[in-house]
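Report on the structure given below.
The values are calculated or read from the model by the stated rules, or taken from the named source; none is laboratory data. Owing to the predicted nature of the structure, the values given are computational and were not obtained by experimental measurement. Positions of Cβ are generated from backbone atoms using ideal geometry, with glycine treated the same way; all protein chains shown enter the neighbour counts.
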Amino acid sequence: DAGVIQSPRHEVTEMGQEVTLRCKPISGHNSLFWYRQTMMRGLELLIYFNNNVPIDDSGMPEDRFSAKMPNASFSTLKIQPSEPRDSAVYFCASSLSGGAYEQYFGPGTRLTVT
Amino acid sequence: KQEVTQIPAALSVPEGENLVLNCSFTDSAIYNLQWFRQDPGKGLTSLLLIQSSQREQTSGRLNASLDKSSGRSTLYIAASQPGDSATYLCAVGATGNQFYFGTGTSLTVIP
């Protein structure tokens with residue numbers, strides 16, 4: 001298996017623009033997690049899905065952030081409008097089924113908002 | 001809510017030393033505990049996974065232990081090498097199907 005795939009790997013955008021990050025989980029995994037990592041705050045869970053359904057989005061910073069999982073093999077994290085404080089590395093991870101199983105991370109998307 | 005703490009935040013050791021990284025958690029109702037390694041500018045690589053019913057797991061020079069009742073896990077690295085320099089994070093898989101991460105220990109192994 002190719003592992004968790006994320007795109008793009010790097011994104012530079014101007015404040016106010018819409019940003020869409022993409023993730024393909026490992027085939028057969030039912031849980032998908034979006035994290036954000038910064039030097040100041042470390043690794044933060046933004047949202048996670050189980051069987052394509054959002055279970056907990058309490059970590060989503062504000063309404064500018066939204067996430068979807070239209071099918072078992074694809075998820076998006078959208079920021080609209082983007083702000084400089086959104087600059088971070090965004091990771092997607094998947095597991096067979098939630099916290100009971102090993103978690104696998106993608107390589108991350110480094111987002112810079114100027 | 002589960003809280004995961006890693007101490008120390010940074011550690012520097014000479015090459016060849018054995019070392020222990022610590023991870024503590026507040027709620028013992030966990031499914032498992034996973035140790036990750038993160039190199040600068042890179043993603044997280046899974047090192048070891050310990051199920052809640054297990055006491056320890058070993059992989060090469062790494063040994064992870066778990067004491068659920070005391071809410072503690074340790075990662076033991078034997079005969080450290082400069083290539084072991086990285087940030088090590090622990091994550092608890094908990095009820096509610098979530099993972100809770102510690103803040104990490106930044107390890108530097110000096111040649």
Apart from one, (1) of a type outside the set (Phe, Trp, Tyr); (2) in contact with a Gly (Cβ under 7 Å, 6 or more places away or on another chain); (3) surrounded by 13 or more Cβ atoms within 10 Å (Cβ to Cβ); (4) closer than 21 Å to residue A:45 by Cα all hold for residue B:92; the odd one out is (2)
When the stretch B:16-57 is checked residue by residue, the ones that are outside any loop (DSSP other than H, G, I, E, B), over 11 Å from residue B:75 (Cα atoms), away from chain A (no Cβ under 11 Å) and among the polar types (S, T, N, Q) are B:24
By my count, strands (runs of 3 or more DSSP E) wholly in the stretch A:51-114 with at least 3 residues that are without any contact (Cβ under 8 Å) to a residue 24 or more places away in the chain and more than 11 Å from chain B (Cβ to nearest Cβ) are A:65-71
The residue from B:91, B:79 that alone is part of a loop (DSSP other than H, G, I, E, B) and in contact (Cβ under 8 Å) with a residue 40 or more places away in the chain is B:79
Pairing a residue in the stretch B:14-43 that is among the acidic types (Asp, Glu) with any residue that is surrounded by 14 or more Cβ atoms within 10 Å (Cβ to Cβ), where Cβ atoms lie under 6 Å and the two sit 6 or more apart in sequence or on different chains, gives B:15/B:109; B:17/B:80; B:27/B:2; B:39/B:86
* Quick check, is residue A:18 of a type outside the set (A, V, I, L, M, F, W, C), buried (at least 17 other Cβ atoms within 10 Å of the Cβ), modelled with pLDDT of 95 or more and on the phi < 0 side of the Ramachandran plot? -> no
Condition (residue is of a type outside the set (Ser, Thr, Tyr), within 14 Å of another protein chain (Cβ to nearest Cβ) and either more than 23 Å from residue A:4 (Cβ to Cβ) or touching a strand residue (DSSP E or B) at 6+ places or on another chain (Cβ under 8 Å) (or both)) applied to the stretch B:67-79: is it met by at least one residue? no
| task | Determine, yes or no, whether residue B:85 is touching a residue at least 24 places away in the same chain (Cβ under 8 Å), within 13 Å of chain A (Cβ to nearest Cβ) and farther than 30 Å from residue A:55 by Cα. | result | no
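Here's the yes/no breakdown for (1) in contact with a His (Cβ under 8 Å, 6 or more places away or on another chain); (2) under 19 Å from residue A:17 (Cα atoms); (3) of a type in the set (Phe, Trp, Tyr):
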position	(1), (2), (3)
A:40	no, no, no
A:61	no, yes, no
A:82	no, yes, no
A:109	yes, yes, no
Residue A:29 passes all but one of the listed conditions (1) crowded, with 18+ Cβ neighbours inside 10 Å; (2) touching a residue at least 40 places away in the same chain (Cβ under 8 Å); (3) within 20 Å of residue B:38 (Cβ to Cβ); (4) not polar (S, T, N, Q); the exception is number (3)
If you go through A:94, A:66, A:82, the only one that is crowded, with 21+ Cβ neighbours inside 10 Å, touching a Lys or Arg at 6+ places or on another chain (Cβ under 8 Å) and small (Gly, Ala, Ser) is A:82
In the stretch A:24-58, anything over 21 Å from residue A:101 (Cα atoms) and modelled with pLDDT under 90 is listed as A:39, A:40, A:41, A:42, A:58
